[in-house]
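Each remark here refers to the structure printed beneath this line.
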Amino acid sequence: MCGFTGLSLAEPFPWAENALHHMTGAIAHRGPDSDGFHIDTRRTSLLGFRRLAIRDLDPRANQPMQTASRRTAIAFNGEIYNSRQIAGQHCSQLTLNTSGDTEVLAESFEAIGEDIFPQCNGMFAAAFLDRDSGTITLTRDRVGKKPLYLYEGDGFVAFASELRCFEPFRLEWDAETLPSFFQFGHYPAPLTAFRRTTQLRPGESVTLRAGRVTGRRIWHDFTALAWGTQTTVDLDELDRTLSDAVAIRTLSDVPVGAFLSGGIDSSLVAAQLKASGHDTVPTFTVAFDTQSHNEAPFAAEIASYLGLEQIEIRIDPASLPELVSDFVDCYEQPYIDSSGLPSMALCREVRKYVTVALSGDGGDEFFGGYQRYDWFQKALQAQRFPATFRRLVGAALPLIDRRRGPRLQQLLAAGDAAGLYAQLMRAWPLGSSQEILSGVTADDAASQQQFRDIFDRLSCDPISKAQCADAMLYIPGDLQVKMDRASMRHSLEVRSPLLDSRMTEFGATLSTSVRTQHGLKSVLKSLLERHIPRKLFDRPKKGFSVPMRQWIAGPLKELVHETLAQQELRECGWLNRRYVDRLLRDFESGKPEVRDPLWMLLVLGQSFLRHRQRSAECDFRPEHLDSSPQRTAPSPRLEGAL
């Protein structure tokens, strides 16, 4: 796993090479082992690369890499787990010089073009430079495991694994995208918090030529799967599929470990590791002082039963203010999933032991593990009552329950299943974003329309539609952002067997009645019972959450006030200061319902202030880049022209 950058230029701008070096240096944490650069003969297509060496540690596997014909150069971040099978299909006439997956992917792309992408089982973002045409093809994996951003400038397009790479171009804050942040708590692709800046959607390819985006194509669409059609489940097939998904993710030339929370998904991964003979793999668990959020004792029982080593990582609440600052820098733009905090701490400590870790991400979305699916079902039943009755009840709810009443009122007001699920998933719990925002013309409708677009393309039951929406919006926008940034912050590669393309399709096709026959995630529970006694895992789901409401009222309280009092934020022009002041007064009076909104505003304010600070510290534009950029590691081969 690594990170890469690049430029497509309308003409050979003199600042381009120095810009490339600055961009690539900004993601040294993603690839501490080596760097590399490639510039075509026209000097209008450039690639930069940082490598975290995982498979094939030989320097010949460094990137950017060229095909045997030297027609194609590749910069590739991720892992293709079925690369051996792909090599047998598309590279059988070649003598490969490396044992990893990069060369296989490059040669296969040169052989059949973008048709190779759907054949890849893995996590990846990649750039392919065609020598003859000067075209650069970019792509991103089907679940959005690996990130890829675009910045469209005047006469050029820059691309990179992280937004921080675009700081030489002076990113501009885009308040018009804030309604999406208040809907999702993050920015779903293709949106970002900055103007001229987008991200590739999962399963998308983009072509660049002469400094312009010349094409976009979706090569994978989750709505095309047969959601909810299978009324029976073959546990033997599922067991074999997951076993292989875990096994191929242990392929590594560096040490491997696994996250273990004690929940269903991570316990399944740990059990499959044990069953496949990987009984020396260490497991890692986060522990909290707040017992209601602490699953470490359960994880210890699972590890002990399986005979696996368990290492506990304890979170100290006193360190939270400093960790929040690092959190904001790590995620680069507003992102509120507070489980990113322990994820960062976990990855930092895990990296001291291993370079690769397996996680349990993906089980809830594809196998029906979230409590919200039950809530959604109940809310759908409530929609059978007349709209007038629902409005009357909804108007009374905020008076009865100040914390949950406003959200329940919004749910009752929803007019269709997609709108209902959009409200259920809404991050901002206190009504319309127009109340907290000022001077922003965009509203909440566009964000909610994303759910309708997905629901309308499906013919299955509403719960399956909701799970598909989670696969397309929540997994790539929240879960994958969380783990990619937290892990790569510390040069750790995280692999997710439950997001194997075979596993996601298996889970998607199961009917809702099968997924929930014996409660939430009953299929995976039945599978886990083959490996671990049910009494060790059959308990209410906690999830990888943190006691944020207690933290906001405790160790983070001062930081909340300091941030929201910053003059630069109060005068930003897009935040309703009176609304914020009222929330703070409610907070001081002890009203718990405002703690979640204040966490959102803390993250938003800190992200905006960080952006302004970084912009002020950036004393150059592309034409003024330092001609002697700092290098963080020696460059390997392939610096120069094709």
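Determine which single condition Ser261 fails, assuming it passes every other condition in (1) under 30 Å from Gly100 (Cα atoms); (2) touching an Asp or Glu at 6+ places or on another chain (Cβ under 7 Å); (3) open to solvent by 30 Å² or more (accessible area, probe 1.4 Å); (4) small (Gly, Ala, Ser).
Every listed condition holds for Ser261 apart from (1).
Report whether or not Glu593 is acidic (Asp, Glu) and in contact (Cβ under 8 Å) with a residue 12 or more places away in the chain. Give the steps one after another, and end with the answer.
Working: acidic (Asp, Glu): yes; in contact (Cβ under 8 Å) with a residue 12 or more places away in the chain: yes.
Here the answer is yes, as Glu593 does meet what is asked.
Given (1) over 22 Å from Pro188 (Cα atoms); (2) free of Cβ contacts under 8 Å to residues at least 40 places away in the same chain; (3) of a type outside the set (Lys, Arg); (4) part of a helix (DSSP H, G or I), identify the lone condition not met by Phe506.
Result: Phe506 fails condition (2) only.
Can you tell me which of Ala189, Ala210 is open to solvent by 10 Å² or more (accessible area, probe 1.4 Å), hydrophobic (A, V, I, L, M, F, W, C) and closer than 15 Å to Leu47 by Cα?
Exactly one of Ala189, Ala210 is open to solvent by 10 Å² or more (accessible area, probe 1.4 Å), hydrophobic (A, V, I, L, M, F, W, C) and closer than 15 Å to Leu47 by Cα, namely Ala210.
Test each condition in (1) surrounded by 19 or more Cβ atoms within 10 Å (Cβ to Cβ); (2) touching a Lys or Arg at 6+ places or on another chain (Cβ under 7 Å); (3) part of a helix (DSSP H, G or I) for Phe327 and report the one that comes out false.
Tallying (1) surrounded by 19 or more Cβ atoms within 10 Å (Cβ to Cβ); (2) touching a Lys or Arg at 6+ places or on another chain (Cβ under 7 Å); (3) part of a helix (DSSP H, G or I), Phe327 fails exactly one: (2).
Look through the range 432-443, keep the residues that are surrounded by fewer than 17 Cβ atoms within 10 Å (Cβ to Cβ) and assigned to a helix (DSSP H, G or I), and return whichever of them is nearest to the chain's Cα centre (by Cα).
Applying the first criterion (surrounded by fewer than 17 Cβ atoms within 10 Å (Cβ to Cβ)) to the range 432-443 yields 432, 434-435, 438-439, 441, 443.
With assigned to a helix (DSSP H, G or I) added as a condition, the list becomes 434-435.
Working: Gln434: 27, Glu435: 29 Å.
Only one residue fits best here, namely Gln434.
Please specify each residue of the range 497-517 satisfying the condition of being farther than 27 Å from Gly257 by Cβ and either in contact with a helix residue (DSSP H, G or I) (Cβ under 7 Å, 6 or more places away or on another chain) or open to solvent by less than 70 Å² (accessible area, probe 1.4 Å) (or both). Write out each step before concluding.
The first filter runs over the range 497-517 and keeps only residues farther than 27 Å from Gly257 by Cβ, leaving 505, 508-517.
Residues satisfying the conditions are Ala508, Thr509, Leu510, Ser511, Thr512, Val514, Arg515, Thr516.
For the range 127-144, give me each residue that is touching a Pro at 6+ places or on another chain (Cβ under 6 Å) and either open to solvent by 20 Å² or more (accessible area, probe 1.4 Å) or among the polar types (S, T, N, Q) (or both).
If the condition is that a residue be touching a Pro at 6+ places or on another chain (Cβ under 6 Å) and either open to solvent by 20 Å² or more (accessible area, probe 1.4 Å) or among the polar types (S, T, N, Q) (or both), then Arg142 is the only one that fits.
Which ones in the range 53-110 are over 16 Å from Phe128 (Cα atoms) and among the aromatic types (Phe, Trp, Tyr)?
Passing the criteria: only Tyr81.
Out of the residues in the range 81-110 that are in contact with a helix residue (DSSP H, G or I) (Cβ under 6 Å, 6 or more places away or on another chain) and part of a helix (DSSP H, G or I), state the one that is farthest from Ser496 (Cα to Cα).
That would be His90.
Residues that are in contact with a Gly (Cβ under 7 Å, 6 or more places away or on another chain), at least 1 per element: which strands (runs of 3 or more DSSP E) completely within the range 112-211 meet that? Steps first, answer last, please.
Details: elements: 122-130, 136-140, 149-152, 156-160, 197-199, 204-209.
Hits in the range 112-211: 122-130, 136-140, 156-160, 204-209.
Just checking, how many residues over the range 222-251 are among the polar types (S, T, N, Q), touching a Lys or Arg at 6+ places or on another chain (Cβ under 6 Å) and not in a helix (DSSP H, G or I)? Spell out the reasoning first.
Keep residues of the range 222-251 that are among the polar types (S, T, N, Q), which gives 223, 229-232, 241, 243, 250.
Those still in the list that are touching a Lys or Arg at 6+ places or on another chain (Cβ under 6 Å) too: 223, 241.
Within this subset, residues satisfying the condition of being not in a helix (DSSP H, G or I) are none.
Qualifying residue count, the range 222-251: 0.
Would you mind stating whether Arg348 is assigned to a helix (DSSP H, G or I) and open to solvent by less than 40 Å² (accessible area, probe 1.4 Å)? Full working, then the answer.
Numbers: assigned to a helix (DSSP H, G or I): yes; open to solvent by less than 40 Å² (accessible area, probe 1.4 Å): no.
So Arg348 fails the test.
At pLDDT 95 or above, open to solvent by 10 Å² or more (accessible area, probe 1.4 Å), touching an Asp or Glu at 6+ places or on another chain (Cβ under 7 Å) and within 21 Å of His186 (Cα to Cα): is that true of Leu609 in this structure?
yes
Of all residues in the range 464-478, which are of a type in the set (A, V, I, L, M) and open to solvent by 10 Å² or more (accessible area, probe 1.4 Å)?
Taking the range 464-478 as the starting set, the residues that turn out to be of a type in the set (A, V, I, L, M) are 466, 469, 471-473, 475.
Hits for the range 464-478 are Met472, Leu473.
Would you call Val546 surrounded by 15 or more Cβ atoms within 10 Å (Cβ to Cβ) and either more than 25 Å from Val328 (Cβ to Cβ) or modelled with pLDDT of 90 or more (or both)?
no
Output the residues belonging to the range 56-82 that are under 15 Å from Asp253 (Cβ atoms) and either surrounded by fewer than 19 Cβ atoms within 10 Å (Cβ to Cβ) or hydroxyl-bearing (Ser, Thr, Tyr) (or both).
If we filter the range 56-82 for residues that are under 15 Å from Asp253 (Cβ atoms), which is where we start, we get 56-62, 79, 81.
If the condition is that a residue be under 15 Å from Asp253 (Cβ atoms) and either surrounded by fewer than 19 Cβ atoms within 10 Å (Cβ to Cβ) or hydroxyl-bearing (Ser, Thr, Tyr) (or both), then Asp56, Leu57, Asp58, Pro59, Arg60, Tyr81 are the ones that fit.
Take the residues of the range 104-126 that are touching a Ser or Thr at 6+ places or on another chain (Cβ under 8 Å) and among the acidic types (Asp, Glu): which is surrounded by the most Cβ atoms within 10 Å (Cβ to Cβ)?
Here the answer is Glu107.
Of everything in the range 1-46, what is in contact (Cβ under 8 Å) with a residue 60 or more places away in the chain, of a type in the set (A, V, I, L, M, F, W, C) and part of a helix (DSSP H, G or I)? Give them in sequence order.
Ala16, Ala19, Met23, Ala28
Among the residues of the range 351-385 satisfying the criterion of being of a type in the set (Gly, Ala, Ser) and part of a helix (DSSP H, G or I), which is surrounded by the fewest Cβ atoms within 10 Å (Cβ to Cβ)?
Step one: of the range 351-385, the residues of a type in the set (Gly, Ala, Ser) are 357, 359-360, 362-363, 368-369, 379, 382.
Restricting the remaining residues to those that are part of a helix (DSSP H, G or I) gives 363, 379, 382.
Details: Gly363: 25, Ala379: 20, Ala382: 15.
Going through the qualifying residues, I end up with Ala382.
If you go through the range 444-456 one residue at a time, do you hit one that is part of a helix (DSSP H, G or I), charged (D, E, K, R) and at pLDDT below 90? Please lay out each step first, then the result.
Within the range 444-456, the subset part of a helix (DSSP H, G or I) is 445-456.
Applying the additional criterion that residues be charged (D, E, K, R) yields 452-453, 456.
Next, only the ones that are at pLDDT below 90 stay: none.
Looking through the range 444-456, none of the residues is part of a helix (DSSP H, G or I), charged (D, E, K, R) and at pLDDT below 90.
Which residue pairs have Cβ atoms closer than 6 Å, lie 6 or more positions apart in sequence or on different chains, and pair a first residue in the range 115-130 that is within 18 Å of Arg51 (Cα to Cα) with a second residue that is buried (at least 24 other Cβ atoms within 10 Å of the Cβ) and basic (Lys, Arg)?
Final answer for the pair search is Met123/Lys145; Met123/Lys146; Phe124/Lys146; Ala125/Arg140; Ala125/Lys146.
Is it true that some residue in the range 485-493 is surrounded by fewer than 24 Cβ atoms within 10 Å (Cβ to Cβ) and part of a helix (DSSP H, G or I)?
So far as the range 485-493 goes, yes, one or more of its residues are surrounded by fewer than 24 Cβ atoms within 10 Å (Cβ to Cβ) and part of a helix (DSSP H, G or I).
The values are calculated or read from the model by the stated rules, or taken from the named source; none is laboratory data. As the structure is a prediction and not an experimental result, all values here were calculated from the model. Note that we place each Cβ from the backbone using ideal geometry, even for glycine, and neighbour counts take in every protein chain shown. Heads up: the accessible areas ignore ligands, DNA and RNA and are worked out on the full protein's heavy atoms, side chains in. Shrake-Rupley method; radii C 1.70, N 1.55, O 1.52, S 1.80 Å.
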